[in-house]
Amino acid sequence: MTSYSITVEAPADELYTLVADPHRHHEFHGSQTVQARARGPRELTNGARFSVHMRKYGLPYRLPLRVTQARRPTSATPGIVEWRQPTGHRWSWEFEPLDAASTRVTESYDATSQWRVIRATLRLAQVPRVNAESIQRSLRHMAKICRPPGH
C-alpha cells in the first residue's frame, strides 16, 4: 500500500464533499490523467457506481469504479471515500478533522487485492512509483485549491 498525508487548512466536511463528487476529481488529481467528464452521482455513497474519463499516453478511455466506503467526517470520526477499480485495487481518501478549520487528509493506493498478473505487470512498468508521485501532487493540489483567501 502507498499512502501519503498532508494537513489542509479547510474543514473536513468541505474536503470530503470535494472528493465525494467524481465530477470534480479533475480539479485536484495529480496524475493529469483524469478528465473533466464523469458519470454518476454528485455525492458518492456506499455501493455507488461511477466512471471517470481518463487520458493516458494520448489515449482516451473511461474507467468504471465502485464505491466500497463512503462516510462523512464528524467531529468524532474521520471520513473516508474509497473506490475499487475493475482489476481489484483501491483508492481511498481519509479526512481526519484536527480542529474546525484544518484536516489531515490521507490518500492511499492499495494494490494488495489487485489481480496478481496485473499487479506484477504494473510493478514492472513502475506504476507504483508513478502513483506515489501522483498522490503527493494530488494532496498539494488539494491544499492549494482549498487554501483560505489571503494565504
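Please state which of the following conditions Ala100 fails to meet, knowing it meets all the rest: (1) in contact (Cβ under 8 Å) with a residue 24 or more places away in the chain; (2) buried (at least 18 other Cβ atoms within 10 Å of the Cβ).
(2) is the only condition that Ala100 fails.
Would a scan of the range 1-16 turn up a residue that is surrounded by 15 or more Cβ atoms within 10 Å (Cβ to Cβ) and more than 22 Å from Cys146 (Cβ to Cβ)?
Yes, the range 1-16 has at least one match.
So the check is Cβ under 7 Å with 6+ separation or different chains; which pairs have a first residue in the range 24-38 that's closer than 14 Å to Ala132 by Cα and a second one that's small (Gly, Ala, Ser) and not in a loop (DSSP other than H, G, I, E, B)?
His29/Ser138; Gly30/Ser134; Gly30/Ser138; Ser31/Ser134
Conditions tested, residue by residue: (1) within 16 Å of the chain's Cα centre (by Cα); (2) aliphatic (A, V, I, L, M); (3) not in a strand (DSSP E or B).
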| position | (1), (2), (3) |
| --- | --- |
| Gln32 | yes, no, yes |
| Thr45 | yes, no, yes |
| Pro60 | no, no, no |
| Leu65 | yes, yes, no |
| Glu82 | yes, no, no |
| Gly88 | yes, no, yes |
| Ser108 | yes, no, no |
| Arg119 | no, no, yes |
| Gln136 | yes, no, yes |
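How many residues are touching a strand residue (DSSP E or B) at 6+ places or on another chain (Cβ under 8 Å) and over 25 Å from Glu14 (Cα atoms) when one looks only at the range 112-151? Walk me through it before giving the result.
The first filter runs over the range 112-151 and keeps only residues touching a strand residue (DSSP E or B) at 6+ places or on another chain (Cβ under 8 Å), leaving 113, 128, 131-132, 135-136, 138-140, 142-143, 146.
Next, only the ones that are over 25 Å from Glu14 (Cα atoms) stay: 113, 128.
Number of matching residues: 2.
So Arg42 clears everything in (1) in contact with a helix residue (DSSP H, G or I) (Cβ under 9 Å, 6 or more places away or on another chain); (2) in contact (Cβ under 8 Å) with a residue 24 or more places away in the chain except one condition, right? Which one?
(2)
So that you can scan it fast, the table gives a plain yes or no per residue for (1) of a type outside the set (S, T, N, Q); (2) in contact with a helix residue (DSSP H, G or I) (Cβ under 8 Å, 6 or more places away or on another chain); (3) more than 26 Å from Glu43 (Cβ to Cβ):
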site	(1), (2), (3)
Pro86	yes, no, no
Pro97	yes, yes, no
Ala100	yes, no, no
Leu122	yes, yes, yes
Pro128	yes, yes, yes
Glu133	yes, no, yes
Cys146	yes, yes, no
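For the range 45-61, give me each residue that is touching a residue at least 12 places away in the same chain (Cβ under 8 Å) and either farther than 17 Å from Leu18 by Cβ or aromatic (Phe, Trp, Tyr) (or both).
Asn46, Gly47, Arg49, Phe50, Ser51, His53, Met54, Arg55, Lys56, Pro60
Got at least one residue in the range 70-77 being part of a strand (DSSP E or B), farther than 20 Å from Asp21 by Cβ, over 17 Å from the mean Cα position of the chain (by Cα) and free of Cβ contacts under 8 Å to residues at least 40 places away in the same chain?
Checked against the condition, which is being part of a strand (DSSP E or B), farther than 20 Å from Asp21 by Cβ, over 17 Å from the mean Cα position of the chain (by Cα) and free of Cβ contacts under 8 Å to residues at least 40 places away in the same chain, the range 70-77 yields no hits at all.
With the requirement that a residue be open to solvent by less than 20 Å² (accessible area, probe 1.4 Å) and in contact with a His (Cβ under 7 Å, 6 or more places away or on another chain), what does the range 110-151 give you?
Matches in the range 110-151: Ala111, Gln114, Ser138.
The values are calculated or read from the model by the stated rules, or taken from the named source; none is laboratory data. Just so you know, these numbers come straight off a predicted model, no measurement behind them. Every residue, glycine among them, receives a Cβ derived from its backbone with ideal geometry; neighbour counts consider all protein chains shown. Heavy atoms of the whole protein, side chains included, go into the accessibility calculation; ligands, DNA and RNA do not. Shrake-Rupley method; radii C 1.70, N 1.55, O 1.52, S 1.80 Å.
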